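Working notes for the structure below.
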Amino acid sequence: MKKMSFHPCGNYRESYAEELSIFETWFGRVCLGGFLLLLFGLAPFFLSPYLLYILNNIGIFAIAAIGLNILIGYTGQISLGHGAFFGVGAYAAAILATRLNVPFYLSIPAAGFITALVGMIFGIPSGRLKGLYLTIATLAGQFIIEYVLIQWESLTMGTMGITLPSPSIAGWTISGDKMFFFLIFLSLVATTWFAVNIMRSKFGRAFIAIRDNDRAAEGMGIPIFKYKLLSFAISSFYAGFAGAIWAYYMVSITTEPFNLGLSVEFIAMVIIGGMGNIPGAIFGATFITVLNEVLRYATGILMNVSVITSMGLNMAPLREFVFGLAIVLFILLEPKGLAELWRILRSSFRLWPFSY
Amino acid sequence: MDFFLQLLVNGICIGLLYGISAMGFVMIFKASSVLNFAHGELLALGAFFFLSLVTWGKLPIIVSFLLTLVGCFLLGFLIEKFFLRPLIGEKLIFVIMLTVGLAAMFKGLILLIWGGNLHTYPPFLPDALEIELGSIYIAPVYSMTLLISVVFLVLFGLFFKKSSQGIYMRSVADNQKAALSLGVHVRRVFALSWAIAAMVACMSGIVLGIINGVNVHDLSAIGLKVFPVVILGGLDSIGGAIIGGIIIGLLETFTGGYLNPSLRDVVPYIVLVFILMVKPYGLFGLVEIERV
Amino acid sequence: MADILLQLNNISVVYSDVIQVLKGVSLSVEKGHIVSLLGSNGAGKTTTLKAISGLLKPENGEVTDGEILYNGVNIQNQAPEFITRQGIIQVLEGRQPFKYLTIEENLRVGTATRPGKPYKQDLEMVYDYFPALVKRRKSLAGYCSGGELQMLVIGRALMAHPQLLMLDEPSLGLAPLVVLEIFRIIKKINEEHKTTIVLVEQNANMALQVAHYGYVMENGKIVMEGNSAELADNPDVKEFYLGMGASGTAKSYRDVKAYRRRKRWL
């Protein structure tokens, strides 16, 4: 199989392997490699701690958003409980670390698996329910998990929260934004690689078949319930994994952040990034996190403008408004999300100056 | 025994509230199959609009009530026109997320204008609505709720069963293409059903505001409580919404009274999951008539 | 030339910007006539009707060329709400009742083109044409039989007082006796109300018996037209649509069977 150095102007693939390949040209591969090299080589050393903190948050949310994209974008099952699963992961890691002294390199994957189990339990209704009924069932799941996290005080310390020890490996303690950057982004690369590859396997094809027409998929011999559960499991694994890293990064956790609002933010990441597109989830996570930060910054400035404060206006809700507006505008104007914009941008470069 | 009876009465009263809160939601779903996550915010908008007219505008109660209804009617109309219409025929998740986005926008807007504090209406209900039966006491607001929900149930029943416009609306929900072929103005039907639903939502918001005071966070939380209510009642049955509301109301007060007050808020969702597992279309939802 | 109610001049219809279904269809419908449109599946008959009634748009179709004149007014690519209010009502293929509405409510939806006007008399008229509907008036349409539903959808269209009624395969899936009844009523409607009718049919025999004029479509084009009697006499039409031998005598049952058998076993 000859790797082409330029994008072909049509579909000239000759084998299934070519059809499945991730990179069409060696140039794309080099670009990605170069980007990763720059990211790991420069970002942690030249960025200010604040920017690095944002970057780390983006990385964590991107992992969770990729998971949700597998469920929503590829399997077509809408879940409003992703924020709660994120919380389950965070708590699982926290409890393992504080009660059982499990080292972080075991507790983070373990938290992922525990969350996957929980996700499968809440995915059971997908066997009977479809579309909006399933969405409501996952909404119920969100509230039930939230309730359990708050009320099971003997395990989760309730509203008091848990403080985690710093992760350490072989006497080497990981702390500070720089160290976490490597942990987070190595995990992100690994999970992205896994997600991209699972989507070109038999599982990924089954997921897409279920999304596009579950009855036809069943007719073709795909055990749809099993695959839906698997999709729930994978997606919650991602959520739990990200949640666990987040717990270590934040050091202390309470139940508060893992509410419906977080679930909604995850879905917003998936939609704004582009449904059914793995890099899209990363774009979406970046967009939402940056948007949140910018809005926080902007409202902070506005609060200090004397005219507004003298009018007695509280500008904090502006954040919520703009967040909603962003979702609405994306859905109305570019429902395929940032990934589509990125594709258009790239191809306009590639095709320039003959764009037709 | 008295405790039981009082709980029963309280549960029914709260349930009726849930029921009328859910009515607007069901209307939207019935006409356009949209799951409206912005319902709680619509309730809040109505309540705050009324509040402004009464306290800042110093208008008489009945005038401000009517003005609020008109305002909300227009609001619903505009929401449909600008946000929902472009999405007709789009994937479910886009429609859901659009209403979620709208919810965030409205909430931000309300917080921006009215702030997050608790407001109250000046008292205006006549005391004659107060009911006392032995040891059981029903506050005037609750008897008014009962009255309003019965009135609206009857009005909607008549509207959907007897009036031509109501029948056109049902026909659109039933078979859009056939309705189109007969000259039913489908776009107008969608706009109208959003307008009416927003109006109903605002009215329920006002009732809720009278009872609990007006607060964005509480009202939007009730918008979420609507989901177990309508699932219980069946997403497309207005009478079912009332019954679902009462069941949820009773469940909440009894778990609160006998089991554990903290369980109160989560019990509806636990019940919801079980109901969905047993009867996926709710207790009173239409069972699909499948004829090929 | 008699009064022309509807005139299609060389129209093309394209779905989703790429699939061309009609390639220059021209036909004219005289006021008060029954015109039948024959042709095999996929010939473009239904699309022609939808182009007239404006129902292409929801299916992402569009009239890209030519013009549709109704009473001399250009109506192509208008919204269905507008076209139905001009008096053109299409009865969709495959009986599309409102399943959760009762028969009577179904009929009332037919008044959508003139909301607020009295309709009691029209109900009586429809029940007069279709007595079978009277005793089911309170039951849900979803539970009615195919014949009743076909009567229902025609009755529903009549409620709109159409000037031009377009019927898409009213005989689809019905027992021969019911088909006979339906066509008798179609004829009656045409005679009593002077309603112009465009009839799309697979049952060419029945269609040509009631129609005054006929068109035959193939592959998105009109390939033949003529008075019903002429068409029914045409050897090609006989062969392909009326199931008779080219000689004009009915094909022998043995021929049909032999053909079937060959087809099945080869």
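Bear in mind that the values in this text are calculations on the coordinates, not laboratory data. These numbers were taken from a predicted model, which means no experiment stands behind them. Every residue, glycine among them, receives a Cβ derived from its backbone with ideal geometry; neighbour counts consider all protein chains shown.
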For region B:2-278: lysine pairs under 19 Å (alpha-carbon distance), excluding those fewer than 8 apart on one chain = 9
Region C:1-127: projected area of the alpha-carbon convex hull, averaged over directions, in nm² = 9.4
Under 20 Å from the A:T173 label point (7 Å along Cα→beta-carbon), backbone N, region A:97-138 | A:97-108
HN-Hα J in Hz across region A:231-236 - Karplus 6.51, -1.76, 1.60, θ = phi - 60°, x for Gly and Pro | 5, 4, 5, 4, 5, 6
Using a basic spin-label model with each label point 7 Å from the Cα along Cα→Cβ, how many nm lie between B:V63 and A:N259?
-> 3.9
Rounded to whole Hz, the Karplus (6.51, -1.76, 1.60) HN-Hα couplings of region C:171-181, x for glycine and proline = 8, 3, x, 10, 5, x, 5, 5, 4, 4, 4
Separation in nanometres of the label points that stand 7 Å from Cα toward Cβ, at A:W26 and A:T98 = 5.4
Under-5 Å amide H pairs with C:V91, H placed in peptide plane, nonlocal only | C:M166, C:L167, C:D168
Amide H contacts under 5 Å for C:G24, placed H, 5+ residues apart = C:I11, C:S12, C:V13
Whole Å is fine, so just give me how far the alpha carbon centre of region B:196-265 lies from that of region A:116-161.
-> 21
So the FRET efficiency between C:D3 and C:N60, C-beta based with R0 = 41 Å and rounded to 0.05, is 0.75
What does the charge dipole of region C:25-124 about its Cα centre add up to, to the nearest 20 debye, if the Cβ of each Lys and Arg holds +1 and the Cβ of each Asp and Glu holds -1?
-> 240
Measure out, as a whole number of angstrom, how far apart the alpha-carbon centroids of region C:9-85 and region C:169-245 sit.
-> 19
Protection proxy (average C-beta count within 10 Å per residue), highest first, orders A:288-300, A:55-67, A:232-244, A:328-340 as A:232-244, A:55-67, A:328-340, A:288-300
Can you give the calculated 222 nm mean residue ellipticity of the protein assembly as shown, where each DSSP H run of n ≥ 4 adds -39,500 (n - 2.57) and the sum is split over every residue, rounded to the nearest 500 deg cm²/dmol?
-> -19500 deg cm²/dmol
Write out the cysteines belonging to chain B for which the nearest other cysteine Cβ is not under 4.7 Å, or none if no such cysteine exists.
-> B:C13
Region B:2-278: relative contact order as a whole-number percent, Cα under 8 Å and 6+ apart = 41
What ranking, highest mean first, results for peptides B:253-262, B:235-244 when packing means the other Cβ atoms within 10 Å averaged over each residue?
-> B:235-244, B:253-262
Scattering from the C-alpha atoms of chain A alone, worked out with Debye: what is log10 I(q)/I(0) at q = 0.12, 0.13, 0.15 1/Å?
-> -0.96, -1.11, -1.40
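Just counting partner chain Cβ atoms within 10 Å, what average do the residues of peptide A:26-38 show around their Cβ?
Working: counts 0, 0, 0, 0, 0, 0, 0, 0, 0, 0, 0, 0, 0.
Across A:26-38, the average partner-chain Cβ count within 10 Å equals 0.
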Can you list the HN-Hα couplings for region C:23-38, worked out from phi with the Karplus curve (6.51, -1.76, 1.60; θ = phi - 60°), rounded to whole Hz and with x for Gly and Pro?
-> 10, x, 9, 10, 7, 9, 10, 7, 4, x, 9, 9, 10, 10, 10, 10
Please give the average number of partner chain Cβ atoms lying within 10 Å of the Cβ of each residue in C:77-87, rounded to a whole number.
-> 3
Efficiency of FRET from Cβ geometry, B:R187 and B:L158, R₀ 25 Å, rounded to 0.05 | 0.50
Kindly point out which whole DSSP H helices in chain B project their C-alpha atoms 20 angstrom or further along the helix axis while averaging a Kyte-Doolittle hydropathy of 0.0 or above.
-> B:2-32, B:61-79, B:92-114, B:140-161, B:186-212, B:216-233, B:238-254
Share of Cα-Cα pairs in the protein assembly as shown beyond 37 Å, in percent?
-> 57
Burial-style ranking of A:85-96, A:218-229, average other-beta-carbon count within 10 Å with highest first, yields A:85-96, A:218-229
Averaged across the residues of A:270-277, what count of C-beta atoms belonging to other chains lies within 10 Å of each residue's C-beta?
-> 2
Across region A:50-351, how many lysine pairs separated by 8 or more positions, or lying on different chains, have Cα atoms within less than 22 Å?
-> 4
Cα-centre dipole for region C:156-202 with unit charges at Cβ (Lys and Arg positive, Asp and Glu negative), debye to 20 | 160
Of A:F86, C:V198, B:Q165, whose Cα points farthest to the positive end of the dipole of the protein assembly as shown (charges on the beta-carbon: +1 Lys, Arg; -1 Asp, Glu; origin at the Cα centre)?
-> C:V198
Which far-off residues, 5 or more places away or on another chain, put their amide H under 5 Å from the one on C:I34, with H placed in the peptide plane?
-> C:I197, C:H212, C:Y213
Quick one: putting +1 on the C-beta of Lys and Arg, -1 on the C-beta of Asp and Glu, what dipole do you get for region B:164-274 around its Cα centre, in Debye to the nearest 20?
-> 380
Inter-label distance, nm, simple model (7 Å from Cα along the C-beta direction), C:D128/C:N41 | 4.0
